[in-house]
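Since the structure comes first, as structure tokens, the remarks are kept for the end.
The values are calculated or read from the model by the stated rules, or taken from the named source; none is laboratory data. From a predicted model like this one, the values you see are computed outputs, not experimental measurements. Here the Cβ is made from the backbone with ideal geometry for all residues, glycine too, and neighbour counts use every protein chain on show. To get the accessible areas, we keep the full protein, side chains included, count just its heavy atoms, and leave off ligands, DNA and RNA. Shrake-Rupley method; radii C 1.70, N 1.55, O 1.52, S 1.80 Å.
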Amino acid sequence: MTTGKTGEPHDRVDGRAKVTGQARYAGEFTAPDLVHGFVVGSAIARGKIVRIDAAEALALPGVLQVYTHENTPRLAWRDRSWRDMVAPGGSPLRPLHDAEIRFSGQPVALVIAESFELAREAAGLVKVDYEAAPHETRLAEVESEAHEPARGKKGYTPPPKPRGRADEALAAAPVRVEATYEHPPLHHNPMEPHATTVIVEADGSLTIHDKTQGVSNSRDYVCKVFGLASDQVRVVTPFVGGGFGSGLRPQYQLFLAVLAARELRRSVRVVLSRQQMFTIGYRPWTRQRVALGAERDGRLCALIHEAVGNTSRFEDYCENVVPWSGVLYECPNTRLEYGVAALDLYTPIDARAPGAVTGLWALESAIDELADALDIDPLALRLKNYAEEDQDHRRPFSSKALRDCYREGAARFGWHRRTLAARSMREGALQIGWGMATGIWEAQQAPSQAKALLTVDGRLHVASASGEIGPGTYTIMSQIAAEQLGLPLAAVRFELGDTALPPAMIQGGSATASSVGSAVLAVCRALQHTLLKLAQALPDSPFGGRTLADVEFVDRGLRLRSGVAPAVPLAAIMRHAGLGSIAEQATAIPDLARQSRYTSNAHSAVFVEVAVDEALGTVTVRRVVSAVAGGRILNPKTARSQILGGVVWGIGMALEEHSMLDHGLGRFVNHNLGEYHVPVHADVPAIDVVFVEERDDVVNPLGVKGLGEIGIVGVAAAIANAVFHATGRRIRELPITLDKLL
Ligand code: MOS
């Protein structure tokens, strides 16, 4: 029997549904009256629409309507100031609201037809005349106009104030490195494209299947924008085929599908094409300057990190790029600065470990440069400057097993066999390089609710309006519940992704296990409490005067921890009380009074071996060891998969991925998976994932830190550092393509 306990490597409880096609995604729901929408995107990057001629499209039999800013009904934009849960400061895109064009690919029309193919065909017949205005899509041209981002985005922390006098300390430092690092815009490219199916129910209410990481965020958007009451809109998204941040905000297909469904009073589905997936946000283009000053023994005495990322002209997308540099290493003099600069592109959106991926790429490259300048082993340099407390906030870490990550990762990798000098580890025509880097991500908890129903037949149903973008949420929530009630995993059903369920935080920030997991724990504790009280009423009850601390739930029953007697079946307890079921609901709220006295982060140490063909400049990642300190691990199997996915994306970021702009058109041009290169199996080596032991009773009642993002952080720097070790060439502009090594 599968015991269902946490800490055990269970297969995904939803795995079978996913691989057999039973799991339904937003664009797969249907209704008898369903019609299809296809989006027409702007051909220019800036300017305005002067004329739209949809006559030819409308003439096709089966085309029902073409919506544009000219006929978009007054139904929409009831609340123009409304901004979604994770919106940055500024004014969000309002599709089909006016004639103004703000970025290439901006939706300018929606064609509705009886079939998807017909809608797509008709979309090609919509003629749009524009009056183009000059646009700018080059970061270097606007970098000097960088400004502090307008506040608004949840989770954004402005850089901490300078500590000491970094510039003077740098000037006086015996050893200095200083460099600029750059990475291009990067797109998420989840397998499932963004899609929305709006089903118009008989009573006129809407059931919406939207590709989203937060059903409540989508529901609130629809209610506010269309002036609907919350009981008229239900968002149901049981499965998401990858989000990585791209589903954090309502995307324009949601607006368009609801608009058409409201107007036509028919069910509507709008699915974006792969090309259109390049018009909904990206990891921003970022340039960073890092300057490090050190004593000859390697102790840091100055650290300056300045970053500029791009945003759009209508919103100030911002992320935590530089704060990590103040917290990761001990240094008396730091200055951290961050700004955004506006381009004529759509607003960027969070992408897996937003900010940390970016900042650590620069910081951990610079640390490696410093190690080289000092002739010190890069790992030894990091240990020498290991921060024992958060100097920026003058508070301890709730836990920090990063030293164990370094030690265990290095041991697994065989780091001690590395020769110090660059170009010193050749294998025939191949230059071999070993590099490493540190990763960091914050451990967060947000308020969430869950409900539970235990039935006398021994089945437990637990539910929360959380999301499942793929990390294994169904599985770990089922494990938490099964463990708490002493049930087999198969007896537990966890339900999520439905606004009819108790509200939960949006799935992001690696905080679902922490937040929703704590709610599941809380609701199970409420059940335990009720069951114990009922058990105390049993004839000759052994539980009289006992508390939950004295008992345990095992084998579908309840028993005294100290006792030897078999467990009293939960069914017997419920039957004696005359109950067919017990229902509970609970809210888990972070203990901010306690949590705010500490800094809580997940950490990693990434070790990489690359082989570079000196004649061809090709880089192959041959081995990766990722050692992670992420608090308690609820399911080693799904946890490992999170790190594998992060490492693979890190390989893509380092070597392949690059959303290329044609600055003449102001448009991403490699907008397909043929030309936007992501790692394929042949690019991915054996990846060894190690979870080091880490106990933390501050972060949340479960002691988990979240694993969705930490896996990618540091990987690009580790690879760049390995490439330097192999070749002696320091590449500071990603991706590291062969042209940069020849
Ligand atoms: Mo994550 S970028 O918070 O989905």
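Take every Cα pair under 8 Å in the chain that's 6+ residues apart, average their separations, divide by the length, and report that relative contact order as a whole percent. Walk me through the intermediate numbers first.
Values: 1950 pairs, mean separation 126.4, N = 742.
Answer for the chain is 17 percent.
For a protection proxy built on the mean count of beta-carbon atoms within 10 angstrom, sort 521-533, 306-318, 588-600 highest first, please. Can you show the working numbers first?
On the way: 521-533: 19.9, 306-318: 23.6, 588-600: 15.9.
In decreasing order of mean packing, 521-533, 306-318, 588-600 become 306-318, 521-533, 588-600.
Report the net charge of residues surrounding A491, where surrounding means a beta-carbon distance below 11 angstrom and charges are Lys +1, Arg +1, Asp -1, Glu -1.
Neighbour charge sum, excluding A491 itself: +2.
Taking 8 Å as the Cα distance limit and 6 or more residues as the minimum spacing, I'd like the relative contact order of region 633-687 as a percentage. The partial results should precede the final answer.
Values: 33 pairs, mean separation 18.3, N = 55.
In percent, rounded to a whole number, it is 33.
Please report the Cα spread of the chain along all three principal axes, rounded to whole Å, starting with the longest.
79, 74, 49
Highest mean first, what order results for 656-663, 441-448 on Cβ atoms within 10 Å?
On the way: 656-663: 17.9, 441-448: 24.4.
By packing density, highest mean first, the sequence is 441-448, 656-663.
Show me the ranking of peptides 162-169, 630-637 by mean Cβ neighbours inside 10 Å, starting with the highest. It would help to have the intermediate numbers written out before the result.
Working: 162-169: 16.4, 630-637: 22.9.
Result, highest mean first: 630-637, 162-169.
Where does the chain land at 222 nm, in deg cm²/dmol rounded to the nearest 500, when only DSSP H runs of n ≥ 4 count, each adding -39500 (n - 2.57), divided by all residues?
Values: 17 runs with 179 residues, N = 742.
About -7000 deg cm²/dmol.
Write down the percent of antiparallel bridges among all DSSP beta bridges whose residues are both part of region 287-398, to the nearest 5. Write out the running numbers ahead of the final one.
Details: 11 of 20 bridges.
If I count the DSSP bridges inside region 287-398, around 55 percent turn out antiparallel.
Considering only protein heavy atoms and a 1.4 Å probe, what is the carbon-and-sulfur percentage of the accessible area of region 232-376? If you can, show how the numbers build up before the last one.
Values: 1320 of 3080 Å².
Percent of accessible area from carbon and sulfur atoms in region 232-376: 43.
Do any of K5/K637; K5/K400; K48/K224 go past 19 Å between their Cα atoms, and which? All intermediate terms of the calculation are to be shown ahead of the outcome.
Details: K5/K637 13 Å; K5/K400 25 Å; K48/K224 27 Å.
Beyond 19 Å: K5/K400; K48/K224.
Would you mind counting up the charge near R51? Only other residues with Cβ under 14 Å from its Cβ, with Lys and Arg at +1 and Asp and Glu at -1. Mind dumping the intermediate values first?
Numbers: positive: K48, K127; negative: D53, E56, E70, D129, E131.
Within the 14 Å Cβ shell, the charges total -3.
Once you have the Kirkwood Rh of region 332-489 from its Cα pairs, apply Stokes-Einstein at 37 °C and 0.692 mPa s and quote D in µm²/s. Write out the running numbers ahead of the final one.
Working: Rh = 20.9 Å.
Rounded to a whole number, D works out at 157 µm²/s.
Just to be sure I understand: of the beta bridges DSSP finds with both ends in region 370-492, what percent are antiparallel, rounded to 5?
Expressed as a percentage, antiparallel bridges in region 370-492 total about 90.
Of all DSSP beta bridges located in the chain, what percent are antiparallel, nearest 5? Display every interim value, and only then the final one.
Numbers: 102 of 130 bridges.
So the antiparallel bridges amount to about 80 percent of the total.
First check a/c for region 415-490, with a ≥ b ≥ c the square roots of the eigenvalues of its C-alpha gyration tensor; if it is under 1.5, answer rounded, and if not, answer prolate when a/b is larger than b/c or oblate otherwise. Present the calculation step by step, with values, prior to reporting the outcome.
Numbers: a/c = 4.43, a/b = 3.11, b/c = 1.42.
Prolate, because a/c is 1.5 or more and a/b exceeds b/c.
Calculate how large, on average over all directions, the projected area of the Cα convex hull of region 362-447 is; give the answer in nm² to one decimal.
Details: hull surface 32.2 nm².
In nm², the orientation-averaged hull projection of region 362-447 is 8.0.
Only loop residues by DSSP count here, and only those with at most 14 other Cβ atoms within 10 Å; note down the GluC sites (Glu not before Pro) in region 22-97 that meet that.
E70
List the trypsin sites (Lys or Arg not before Pro) in region 360-457 that DSSP assigns to loop (not H, G, I, E or B) and whose Cβ has at most 10 other Cβ atoms within 10 Å. Which are they? Please report the intermediate quantities before stating the final value.
Values: sites: R382, K384, R394, K400, R403, R407, R412, R417, R418, R423, R426, K451; in loops: R394, K400, R418, R423.
Of the trypsin sites (Lys or Arg not before Pro), the ones in loops of region 360-457 whose Cβ has at most 10 other Cβ atoms within 10 Å are R394.
According to the Kirkwood expression over distinct Cα-Cα pairs, how big is the hydrodynamic radius of region 525-621, in Å?
Details: mean 1/r = 0.0551 Å⁻¹.
Kirkwood radius, region 525-621: 18.2 Å.
Considering just Cα atoms, how many Å³ per residue does the convex hull of region 170-257 enclose? Could you put the intermediate results ahead of the total?
Details: hull volume 14.1 nm³, N = 88.
Hull volume over Cα atoms, normalised by residue count, gives 160 Å³.
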